[in-house]
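Read the structure below first, then the notes.
Read-outs: derived from the displayed coordinates by stated rules, not from any lab. Owing to the predicted nature of the structure, the values given are computational and were not obtained by experimental measurement. Note that each Cβ is placed from the backbone with ideal geometry, even for glycine, and that neighbours are counted across all protein chains shown.
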Amino acid sequence: MIPTHHPDADQLLAYASGTIAEWAALVVACHLTYCPECREEIALLDDVGGALLDELPAGEAPALPPTELLYAEPKVPKTRTFVNLPPDVAALPRPLRAFFKDDAPRFRFLAPGVRHVPLSFEVGGIPARVIRFKAGFKIPEHTHEGEELVLVLDGELRDTVTDEVFRTGDLSHREPSTTHGQNMSPSGDCTCLVISTAEVVPTSAWGRFLKAIAGV
Ligand SMILES: [Zn+2]
């Protein structure tokens, strides 16, 4: 299945030029494992960037921002090897492997109908996670104080406000101050890489309960 919801042009450009935050680079890298269209776009941007650099007179290469700005968070080991990964964890996109929090990563209970693989970094104080929602699970409506990136790794969900459907490889990117919920397809579990850059504010009692016990 080919994704239909992609990172926006600015994100791809920032990824190609290495000026993207590392947590956003991880989301794009995982999307690329599903998306031939964006892989082609990145290859094209690499070619254009290389050609532009080739045309610059020697010594006039553009200054890059300091790496501590690009990679302020997260700090993680770059290479880790795992033996005997459970099949459902082994099936996750390979770029995630450097970011598993546990030495023996597996899906753990987070809330009724919600399991997760914790990742080793936070963005804006919010832990990044791979979350598996049970078929038919409804994420209650909530408002974002920051951005929310949800990359569907397996399964299908529907946005309650835009009515858009996101399937395997699709990226949902919500801007701050927007309200929505997400309903998982009843036809199967849905696994997502979920990164929020600030707290979400639940707008219902069930949402407040879920946040209290699971922090989601
Ligand atoms: Zn794409």
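On the beta carbon distance between Glu199 and Phe109, with R0 = 22 Å, the FRET formula returns roughly 0.45. Simple spin-label estimate for Thr81 and Lys101 gives 2.6 nm between the two label positions (7 Å along the Cα-to-Cβ direction from each Cα). What GluC sites (Glu not before Pro) does region 80-173 have in DSSP loop regions with at most 16 other beta carbons within 10 Å? Qualifying residues, ordered by number: Glu145, Glu164. Taking a ≥ b ≥ c as the square roots of the eigenvalues of the Cα gyration tensor of region 98-216, is the shape rounded (a/c under 1.5), prolate (a/b larger than b/c) or oblate? Rounded, because the longest to shortest axis ratio a/c is under 1.5.
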